[in-house]
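Notes to accompany the following structure.
Quick note: the coordinates plus some simple rules give every number you see, no bench work behind them. Note that the structure is predicted; figures quoted are calculated from it, not measured. Quick reminder, even Gly has a Cβ in these numbers, built from the backbone with ideal geometry, and neighbours come from all protein chains shown.
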Amino acid sequence: MNSLPIELWFRIAELLPPEDLPKLVGVNRVFFNMIMNELYGQLSFITADPHVFSEKLRALQSPSLAERVRVLTIWPSATPKPLTYLQRVSGMLGHPKPSPRPMTPPRSREPLPSPEERLQMFHDVIRNLINVDEFEINWYLDNGLRASAWKVPFFPEIWLCIGHNLRRLSIDIQVFKLNDVVKSCGSMPKIEELQLTLRCDAQRGHPGDTAVPYFINKFAPTLRTLSIKTIGHQELSTNFQLLGRFPRLTKLSLVMPLDAQHLRDPSGFEQMLRNHPTLRDLCIRYSRCCTYCGDDGFKTFGGQHRLYSGVTLPALHALELGLHIPILRDSTSPMLMSIARLGSELTTLTLVDRSLTLEEVRIVLRLFPSYRLRKLSLFARFLSPQLIDVIAQSCLDLNSLALDVQMVVKSEGEAVGLMSTSQDDVDGFAQALFNYAVDLDNDRWRYRTWTLADISVMKWEFKVGHTYNWACMKAIAFVVPSVRSFAGRGHMEEEDGVPKPGTQRLLVDLGDRTMPFDT
């Protein structure tokens with residue numbers, strides 16, 4: 001044990017199957033603590049069985065066990081009366097009743113504490129969770145139709161007990177409940193990452209208060225990562241106008257309908273970007289809400305864009321961009337042109353929310369400083385030799401390429417005919433790519449100087465799921481001599497742990513439909 005650094009033993013233990021980890025508990029104190037921290041590091045209070053809920057509470061009465069918890073997840077509506085509430089939610093969602101099973105003798109259980117006793121036990125457990133540094137609140141199914149269903153009294157106790165040590169906080173909640181959660185929130189001096197998912201149903205509408213920006217501004221001195229996602233119609237102008245400066249912020253993610261209908265006054269959004277020139281990682285994803293939007297409504301008569309024109313982020317290195325808004329064929333989209341000019345040092349570009357055609361890939365790479373890119377990830381409608389060539393010619397210094405494709409084709413010209421059959425032509429793609437890129441007689445390799453080192457190709461397969469297409473990755477690696485790795489693994493060997501096309505997987509029955517177990 002003493003001949004190797006402890007970090008290497010931890011690495012060896014990570015390679016063991018999960019079912020074998022408990023066998024290491026009795027080896028020595030080091031493995032005992034490591035395995036116990038792994039087994040009890042995450043605590044979730046989301047259960048439909050009050051007996052399970054109570055058993056968790058009883059086990060966590062031991063301070064030595066409770067202090068191992070690092071990640072805490074709660075669903076407030078399930079905490080006071082989990083069984084009755086979950087049954088009501090199940091009825092609302094229309095879940096079918098399970099088929100009757102033969103009666104088996106129930107295993108002996110301790111008497112179930114009353115709801116008041118369970119709540120007191122919950123308070124006692126919270127006081128023992130002194131090392132929690134990640135806290136997640138999922139509170140989106142309960143619409144608050146009954147006051148007792150969502151006015152839960154334990155938030156002051158939670159903030160008081162674990163708030164001082166939190167580094168990551170994630171909240172998924174209806175907007176009208178946010179004030180009840182945060183009004184008792186005290187000092188949390190170590191928060192570095194904040195993730196907010198704000199939901200708003202059509203019946204209640206947006207409350208129009210300042211709870212959201214007030215809550216976010218509390219973490220201004222320490223916040224490094226901020227993520228805001230909105231679901232449902234919300235007016236966003238006030239939120240951005242009241243947000244302050246975050247001197248340590250380096251990563252910002254905004255997933256929301258950034259159009260004139262939801263952002264009537266864009267000055268706050270623009271100021272938010274201007275106030276944070278140190279941003280290194282930016283995610284902007286337009287999410288559809290009320291109606292289909294072919295234009296965000298911020299184009300000016302001079303061809304500028306009211307959200308992004310004139311904004312520069314000199315430290316920006318990574319950009320994730322959602323492309324729900326259509327890409328114009330004439331390359332004159334003010335939004336795309338302005339976003340492409342946000343950072344001149346951009347090295348990582350991720351394009352999501354749209355399966356791009358070959359022409360759309362050309363347009364996007366022409367707008368962005370693609371000659372600087374080291375990493376590129378995108379969704380493509382067709383994987384073809386023409387797509388590989390466009391990327392190779394535009395991104396000469398590319399080191400990593402990740403493609404998620406709908407179909408594999410021999411040529412873009414034949415793609416339309418294959419759409420009706422939904423059949424991939426992997427062999428045709430491999431042969432066509434080789435014929436185009438390699439001339440063995442004259443020893444000419446079209447991509448000899450391309451610096452690509454890692455390639456990943458993924459595709460959805462029926463009854464299989466989201467899998468790597470090893471054949472396509474091997475075909476690309478064969479014509480690009482610099483490729484040394486598949487899917488960021490550092491090697492080019494096909495691994496058994498990664499699902500392959502055609503492999504049987506466990507299925508879960510959803511009424512008359514089936515879907516992959518892990519999707």
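What are the aspartates and glutamates whose alpha-carbon lies under 15 Å from the alpha-carbon of Lys23, with same-chain residues fewer than 8 places away excluded?
List returned: Glu14, Glu38.
Using the beta-carbon distance between His164 and Thr357 and R0 = 45 Å, what value does 1/(1 + (r/R0)^6) give for FRET efficiency, to the nearest 0.05?
For His164 and Thr357, the calculated efficiency is 0.30.
Give me the distance in nm between label points sitting 7 Å out from Cα along the Cα-to-Cβ direction at Asn435 and Phe462, one decimal.
Roughly 2.9 nm, to one decimal.
With a point put 7 Å past each Cα toward its Cβ, work out how far Lys251 is from Ser3 in nm, to one decimal.
Inter-label distance under the simple model: 3.9 nm.
Checking the a/c ratio against 1.5 first, then a/b against b/c, what shape does the Cα gyration tensor give for region 346-434?
Taking the square roots of the gyration eigenvalues as a ≥ b ≥ c, region 346-434 is prolate.
Could you please report the charge total around Ser400, scoring K, R as +1 and D, E as -1 over all other residues with beta-carbon less than 15 angstrom from its beta-carbon?
After counting each charged neighbour, the total is +1.
At 7 Å along Cα-to-Cβ for each site, give me the label-to-label distance between Asn131 and Arg58 in nm.
Reported label-point gap for Asn131 and Arg58 is 2.5 nm.
Strictly over 21 Å apart at the Cα level, which of Lys177/Lys229; Lys190/Lys218; Lys375/Lys463 would you flag in this model?
Lys375/Lys463
Given the Cα-Cα distance of Val25 and Arg224 and 0.36 nm per residue of separation, how much length would full extension add, in nm?
68.0 nm
Once fully extended, how much extra length lies between Leu15 and His491, figured as 0.36 nm per residue of separation less the alpha-carbon to alpha-carbon distance?
That works out to 169.7 nm of additional length.
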